[in-house]
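Engineer: Got a structure for you, written out below as structure tokens; questions coming shortly.
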Amino acid sequence: MPALLALILMMVGVSHSATAANVVVELEVRDGIGVATSEYLVSGIDHAEEINAELVVIYMDTPGGLMKPMRDIVQKILGSSVPVATYVSPAGARADSAGTYILLASHIAAMTPTSHLGAATPVSLGGEDATPPADDGEQDEDGDAPSPPSGSSMERKVMNDAVAYIRSLAERHGRNADWAEKAVTEAATLTATQALEENVIEFIAADRDELLQLLDGHEVEIAGETRALATKDADVQPYEANWRIKLLGVISNPEIVLLLGLIGIYGLMYEGWNPGAIVPGVVGVICLLLAAYALQVLPVNYAGVALIFLGIALMIAEAYAPSFGALGIGGIAAFVFGSIMMFDSGIPGFGISITFVISIALVFALLIVWMLSYLVKLRRRGAVSGRESIVGGIAIAMEDFSGDGNVWLEGESWHARSKIPISKNQEVIVRAMDGLILDVEPVASSTKTDAQLQT
């Protein structure tokens, strides 16, 4: 009996192991490579290692991204105990810039027809390439390289580091290191067919099913050992990012960061104008903290940030010291230029839409126009309180009187006097005010007197 139980447990264990080993974990990269992308891919590979998966497939379509997150991804792939295949998909997709490094670091490199890769020249935060022929690429290793004073020594340092890095990745898996160097120094690119001919990738597959068929039986080297893949009839399991990674991915969008900053600033301003409102202040603080966190992981030009704050300050000043649009227009201009400069780093995938910035500016412009029209309307309306608002006002007689009596004006009962007899509910006009006593006369009589004066 114990022997039978042990046999059953062993069979269950073998069956579970076989099932787990035939799992293919799917990951997706569909935008710029940043901190959120890095955490997602690293956690996905960790998950594949935990379940002893057969393979990890990264579906990639990216314009590039930041160097530091890309290096974290590459290090995780190189140290993975599960083979990693990077598949540039769907048709028309690209693995530019940082995506090229990840593709070359993977154990298997595959592409769909009509996709391309390359253009891996490093750039600094100012958007300047480390070499004149290039026009797309990365930051330096720290992710925040300033423009070098001389324009030569720092550029050579960044360029040589990138060349050595991408060559080592290509050589690791026996790929064309010479072309990889050109992708950095000359921003060279290849189509899928050219990449296969140049020994940059191993497979071209139209879809996932074809890729898994091609990979079945393919040998890869993992931790010094050669392993044949068994992907036929594999259980494909997409890996979903957790809520924290999804939140980081959302708030690290430059447009969302800009909105969070604006909501935060105006929320705190509203709380300052209306102490005790609580909700605007709480929302404002949360939005500002989220924006501040996102700015730590994004390539930001702080001159642009300063212009944005200046623009907001000028638009607020327009409300307190009306200049008939001068301050408001200046504030809108500063806001637009600041928003464009703030994320104008040249890092692929981390720019900001001009349409979005202009839309926000138009909203501000409409608010300023509304505010100015409201102020003009108030100015034309004249006084609404005090002596100026009473003299010339129309009151209703509360009783019949000749001499002294009472009238109803602006929701109050006033003591009045008139040289002309007044009937109850008759409309009278206030001609003068002596202390709290109103000098009134009938509206008809007043109209006749005015006509005589004009004659």
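Engineer: Look through A317, A241 and report the one residue that is outside any helix (DSSP H, G or I), under 29 Å from the mean Cα position of the chain (by Cα) and among the small types (G, A, S).
Structural biologist: The conditions single out A241.
Engineer: So which residues in region 317-336 are among the aliphatic types (A, V, I, L, M) and modelled with pLDDT of 75 or more?
Structural biologist: Hits for region 317-336 are A317, A326, L327, I329, I332, A333, A334, V336.
Engineer: Related question: Can we say T191 is touching an Asp or Glu at 6+ places or on another chain (Cβ under 7 Å) and surrounded by 13 or more Cβ atoms within 10 Å (Cβ to Cβ)?
Structural biologist: So T191 does not fit the description; no.
Engineer: When both residues are 6+ apart or on different chains and their Cβ atoms are under 7 Å apart, which pairs have a first residue that lies in region 317-330 and is on the phi > 0 side of the Ramachandran plot, and a second that is buried (at least 16 other Cβ atoms within 10 Å of the Cβ) and at pLDDT below 75?
Structural biologist: What qualifies is F324/L372; G325/I368; G325/L372.
Engineer: Also: Being surrounded by 11 or more Cβ atoms within 10 Å (Cβ to Cβ) and under 60 Å from the mean Cα position of the chain (by Cα): is that true of L438 here?
Structural biologist: Answer is no for this residue.
Engineer: Of all residues in region 290-308, how many are free of Cβ contacts under 8 Å to residues at least 12 places away in the same chain and hydrophobic (A, V, I, L, M, F, W, C)?
Structural biologist: Number satisfying all stated conditions: 1.
Engineer: Would you mind finding the one in E198, E181, E155 that is in the same structural domain as M67 (by TED's automatic domain parsing), crowded, with 19+ Cβ neighbours inside 10 Å and not hydrophobic (A, V, I, L, M, F, W, C)?
Structural biologist: Every option except E155 fails the conditions.
Per-residue answers, yes or no, for (1) modelled with pLDDT of 90 or more; (2) closer than 22 Å to T185 by Cα; (3) among the β-branched types (V, I, T); (4) not assigned by TED's automatic domain parsing to the domain that holds Q194:
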| position | (1), (2), (3), (4) |
| --- | --- |
| D46 | yes, no, no, no |
| G65 | no, yes, no, no |
| G92 | yes, no, no, no |
| T100 | yes, yes, yes, no |
| L104 | yes, yes, no, no |
| H107 | yes, no, no, no |
| M111 | yes, no, no, no |
| L117 | yes, yes, no, no |
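Engineer: Right, something else. Name the strands (runs of 3 or more DSSP E) wholly inside region 170-230 in which the number of residues that are in contact (Cβ under 8 Å) with a residue 24 or more places away in the chain and under 20 Å from P113 (Cα atoms) is 1 or more.
Structural biologist: 189-191
The values are calculated or read from the model by the stated rules, or taken from the named source; none is laboratory data. Values in this document were obtained by computation on a predicted structure and should not be read as measured data. For neighbour counting, all protein chains shown are included, and Cβ atoms are generated from backbone atoms with ideal geometry for every residue, glycine included.
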